[in-house]
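Engineer: Take a look at the following structure, please.
The values are calculated or read from the model by the stated rules, or taken from the named source; none is laboratory data. Keep in mind it's a predicted model, so treat the numbers as computed, not measured. Note: ideal-geometry Cβ built from the backbone for every residue, glycine included; neighbour counts use all protein chains shown.
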């Protein structure tokens, strides 16, 4: 039997517990192999067949034929996630600073109306 791998994370326990994060290695059975990928059994899928096609040529694939490739993909996904979240955090900080600088009173105006002036 051939396998492909994916690292994933989840949080267990109370949201305030920092030790609740878990990284796990998921192992999927390869049902069929084609020239460009694999059909795997994905028990986490909500489809009836539980089969999922995975490209063997994609650098952003769902699962990989080695644990090393799966780990590199996991790290890249987390770096991308961090970048997105930092961008969103910067947006929130900019809006809060703008609110503070303008000394806005929401009962007098809405943010969108004030921004259009």
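Engineer: State the number of residues belonging to segment 58-106 that are in a loop (DSSP other than H, G, I, E, B) and touching a residue at least 60 places away in the same chain (Cβ under 8 Å).
Structural biologist: Applying the first criterion (in a loop (DSSP other than H, G, I, E, B)) to segment 58-106 yields 58-63, 65-66, 103-106.
From what's left, touching a residue at least 60 places away in the same chain (Cβ under 8 Å): 65-66.
Residues meeting the conditions: 2.
Engineer: Across segment 11-34, what is the total count of residues that are at pLDDT below 90 and in a loop (DSSP other than H, G, I, E, B)?
Structural biologist: Matching residues across segment 11-34 total 6.
Engineer: Here's a follow-up. Specify which of the listed residues (78, 2, 67, 97) is modelled with pLDDT of 95 or more, on the phi < 0 side of the Ramachandran plot and out of contact with any helix residue (DSSP H, G or I) (no Cβ under 8 Å at 6 or more places or on another chain).
Structural biologist: Numbers: 78 fails: modelled with pLDDT of 95 or more; 2 fails: modelled with pLDDT of 95 or more; 97 fails: modelled with pLDDT of 95 or more.
Among 78, 2, 67, 97, only 67 is modelled with pLDDT of 95 or more, on the phi < 0 side of the Ramachandran plot and out of contact with any helix residue (DSSP H, G or I) (no Cβ under 8 Å at 6 or more places or on another chain).
Engineer: Considering segment 43-57 alone, what residues qualify as being modelled with pLDDT of 80 or more and either over 22 Å from the mean Cα position of the chain (by Cα) or assigned to a loop (DSSP other than H, G, I, E, B) (or both)? Write out each step before concluding.
Structural biologist: Step one: filter segment 43-57 for residues modelled with pLDDT of 80 or more, giving 50-57.
Listed by number, the residues that qualify are 50, 56, 57.
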